[in-house]
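S.K.: Handing you this structure, nothing more for now.
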Amino acid sequence: MILDKSLLDQHNSQGNALHQKKYGLLASVLQDEGHNVNTILERLAAFQVAIPSWALGTGGTRFGRFAGGGEPRSLEEKIEDVGLLHALNQSSGAISLHIPWDIPQNPKAIQQLAASFELKFDAVNSNTFQDQENQDYSYKFGSLSHTDKAVRDQAIAHNVEVIRHGVELGSKSLTIWLSDGTDFPGQQNFRRSFARTLDSFEQIYAQLPADWKVFIEYKPYEPHFYSTVVADWGSSLLFCQKLGEKALGLVDLGHHLPNTNIEQIVSRFLMEGKLGGFHFNDSKYGDDDLTVGAMRPYQLFLIFNELVDGMTSSEIKNPELSWMIDASHNIKDPLEDLMQSVEAIMIAYAQALIINRPALEKAQLQNDATLAQEILQNAYRTDVRPLLAEARFKAGAALNPVGFYREQKIRKELIKQRGEKTYSTGL
């Protein structure tokens with residue numbers, strides 16, 4: 001769906017007076033506090049969050065799935081939806097594909113279509129957590145860690161195929177989430193399972209192009225609840241250190257045990273130069289895959305505090321990060337949910353950018369916990385949404401993306417074009 005630019009301009013014109021009043025007040029305060037507002041706007045404009053192809057339809061639970069209508073029926077329509085998002089917020093300039101859910105049949109045409117929406121391809125994702133049609137061997141008891149070499153070889157070949165698809169599209173990274181694990185004590189030997197997995201990773205790593213990276217994602221439980229091969233950030237880091245400089249850890253915000261200090265994990269990865277990127281989401285209980293910032297916005301801010309500190313510190317030598325969303329919209333319009341998620345990420349980033357870092361460092365050196373908290377919470381409690389709106393306005397996007405989306409009844413138009421009963425590929 002191609003947006004009518006005149007409707008977007010009309011939307012912005014109607015809301016611009018109030019926006020400028022809010023933005024002017026905030027900009028004045030920030031300048032008085034010593035911030036360069038133009039520099040902040042430039043950083044916000046440059047920050048791009050990749051949209052996963054699997055999140056453009058409604059998700060599901062193990063009990064059922066309730067499609068919302070107008071879902072993209074093909075990879076081409078998924079790209080169109082991401083293009084629509086990017087036109088509305090100018091912060092979603094990349095798409096992350098999951099193979100084999102979204103195998104490009106004509107890579108050149110797909111790349112051209114993405115370029116027409118000013119989109120690039122971020123990390124490509126492999127899938128050895130499901131058995132696919134006509135698959136020779138089952139992953140019921142594991143894939144890259146399986147006791148049977150034939151099964152491991154099949155899983156390795158799949159990852160190599162994913163790399164090939166990524167090369168054709170101009171991607172530069174592979175994400176591996178390994179669901180391998182056990183359900184009962186004694187089911188597998190932990191040491192040997194790790195060794196088999198490392199051997200599989202090494203074979204995949206050897207197939208990476210020179211300018212590529214591989215992201216090793218971790219998860220403490222699910223689908224296996226006794227043990228997981230890559231169960232935590234330490235396991236991920238250990239694999240990455242053994243593999244080499246092109247191997248980096250990937251942090252999914254939902255992949256942690258309750259009350260885990262994720263911001264400290266982020267700091268540790270950055271210290272070692274081994275942070276590859278994020279799958280952003282939120283959770284109440286476990287891997288809920290909720291809208292980013294829906295439950296723990298302060299935690300998200302604290303994570304970005306560590307990220308901004310790491311990205312601006314001369315002491316940290318970490319590669320450029322990949323920012324991706326990984327969410328499941330069981331009852332919400334997926335496009336609205338993704339817009340809200342991107343907004344929440346941008347808010348946390350903007351709040352982290354306005355932290356008074358010299359004052360914070362001084363308070364830390366003086367062990368002044370009260371002042372350090374005041375400095376952080378002053379930034380967190382600042383309503384930075386006018387900054388985001390101004391960055392969008394300058395880029396030609398919508399002042400209020402969700403508001404415009406609803407005003408124009410875009411979901412109804414998608415249903416009209418695609419049908420009420422359409423199902424997107426993915427979970």
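S.K.: Would you list which lysines come within 17 Å of Lys21, measuring only between C-alpha atoms, while excluding same-chain residues fewer than 8 positions from it?
M.R.: Excluding near neighbours in sequence, the set is Lys394.
S.K.: Another one. Tell me, in nm to one decimal, what length is gained between Ile331 and Glu118 on full extension, where the rule is 0.36 nm per residue of separation less the Cα-Cα distance?
M.R.: Computed gain between Ile331 and Glu118 is 73.8 nm.
S.K.: What is the chain's relative contact order, in percent, from Cα pairs under 8 angstrom and six or more apart in sequence?
M.R.: 22
S.K.: Order these peptides, 147-154, 96-103, by their mean beta-carbon neighbour count within 10 angstrom, highest first.
M.R.: By packing density, highest mean first, the sequence is 96-103, 147-154.
S.K.: Roughly how far apart, in whole Å, are the Cα centres of region 285-319 and region 169-241?
M.R.: Result: 22 Å between the Cα centres.
S.K.: Continuing with the same structure: Taking the simple approach of a point 7 Å from Cα along Cα-to-Cβ for both Tyr298 and Thr312, what is their distance in nm?
M.R.: Those two pseudo-labels are separated by 2.3 nm.
S.K.: Under a point spin-label approximation (7 Å from Cα along Cα-to-Cβ), what is the Phe129-Phe184 distance to one decimal in nm?
M.R.: 2.4
S.K.: If R0 is 35 Å, what FRET efficiency do you get for Lys21 and Gln373 from their C-beta distance, rounded to 0.05?
M.R.: Here the calculated transfer efficiency is 0.65.
S.K.: While we're on this one: Assuming R0 = 56 Å, what is the FRET efficiency of Ala359 and Gln241, from their Cβ-Cβ distance, to the nearest 0.05?
M.R.: FRET efficiency, Ala359 to Gln241: 0.95.
S.K.: Turning to a different aspect of this structure: Hand me the trypsin sites (Lys or Arg not before Pro) from region 299-386 located in a DSSP loop with no more than 12 other Cβ atoms within 10 Å, in residue order please.
M.R.: Here the sparse-neighbourhood loop sites are Lys317, Arg381.
S.K.: Here's something else I'd like to know. To the nearest 0.05, what FRET efficiency results for Glu42 and Glu168 with a Förster distance of 51 Å applied to their C-beta separation?
M.R.: 0.95
S.K.: Looking at the chain, what % of the alpha carbon pairs are farther apart than 33 Å?
M.R.: Distances greater than 33 Å cover 35 percent of the Cα pairs.
S.K.: Something else now. With the contact rule set at Cα under 8 Å and sequence spacing of 6 or more, what percent relative contact order holds for region 243-289?
M.R.: Computed value for region 243-289: 52 percent relative contact order.
S.K.: Which residues in region 118-154 place their backbone N less than 14 Å from a point set 7 Å from the Cα of Arg192 along the Cα-to-Cβ direction?
M.R.: 145-149
S.K.: Let me ask something else about it. Which longest run of the chain has no exposed loop site in it, a site being GluC sites (Glu not before Pro) in a DSSP loop with at most 13 other beta carbons within 10 Å, and the site itself not part of the run?
M.R.: After excluding every exposed loop site, the longest remaining stretch is 134-244.
S.K.: Kindly flag which residue pairs out of Lys78/Lys421; Lys219/Lys332; Lys5/Lys172; Lys120/Lys274; Lys120/Lys284; Lys120/Lys317 have an alpha-carbon separation exceeding 27 Å in this structure.
M.R.: Check vs 27 Å cut-off fails for Lys5/Lys172; Lys120/Lys284.
S.K.: Suppose we keep just the DSSP beta bridges with both residues in the chain; what percent of those would be antiparallel, to 5?
M.R.: Expressed as a percentage, antiparallel bridges in the chain total about 15.
S.K.: How much length is gained on full extension from Glu33 to Lys409, taking 0.36 nm per residue of separation minus their Cα-Cα distance?
M.R.: 131.2 nm
All of the numbers you see were taken from the coordinates with simple rules; none came from a lab. All figures in this text were calculated on a predicted structure; none of them were measured in a lab. Counting neighbours? That spans all protein chains shown, and the Cβs are built from the backbone with ideal geometry, glycine included.
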